[in-house]
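Heads up: the structure comes next, in structure tokens.
The values are calculated or read from the model by the stated rules, or taken from the named source; none is laboratory data. These numbers were taken from a predicted model, which means no experiment stands behind them. Cβ atoms come from the backbone with ideal geometry, glycine included; neighbour counts cover every protein chain shown.
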Amino acid sequence: MKALNRFIFKVVSIVFLAFGIYFISDLFLTTMNLYASKMDEQIETMVKDSFVFRNYLKNDDIEVSTKNGVVTLTGTVKREMNKYLAQKAVEELGGVKKVDNFLKIK
């Protein structure tokens with residue numbers, strides 16, 4: 001009987017441990033996703049508020065989106081130089097891992 005009780009205790013302990021690990025890992029992943037999402041929002045704000053975008057690219061139609069630190073530029077610009085300028089301005093910002101530049105010249 002004691003052996004059976006010890007076995008049941010071990011099984012229950014393992015189940016609770018596994019559930020705890022699952023719960024903590026799920027909580028960690030949720031927290032990391034929220035952090036990444038917040039960072040993406042901050043990057044987008046930095047891009048739109050940057051000196052280059054406010055002063056030199058204000059008359060161009062540029063959309064900015066960010067996911068996991070990868071900034072995607074879409075829309076149209078008037079000159080090739082503006083496309084290059086937008087790319088370089090974004091690359092210089094903190095938190096940016098990569099820039100996908102899909103801007104078209106109109």
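For the stretch 67-84, filtered to residues that are crowded, with 18+ Cβ neighbours inside 10 Å and under 19 Å from Thr45 (Cβ atoms), the residue that is farthest from the chain's Cα centre (by Cα) is Leu73.
When Val96, Val90, Val64 are screened for being among the hydrophobic types (A, V, I, L, M, F, W, C), modelled with pLDDT of 95 or more and not in a helix (DSSP H, G or I), only Val64 passes.
Taking the criterion of being of a type in the set (D, E, K, R) and either touching a strand residue (DSSP E or B) at 6+ places or on another chain (Cβ under 7 Å) or over 24 Å from Gln42 (Cβ atoms) (or both), the residues of the stretch 85-106 that qualify are Glu91, Lys97, Lys98, Asp100, Lys104, Lys106.
Of all residue pairs spaced 6 or more apart or on separate chains, those with beta-carbon atoms under 9 Å, a first member in the stretch 40-51 that is closer than 9 Å to Thr66 by Cα and a second member that is among the charged types (D, E, K, R) are Asp40/Lys67.
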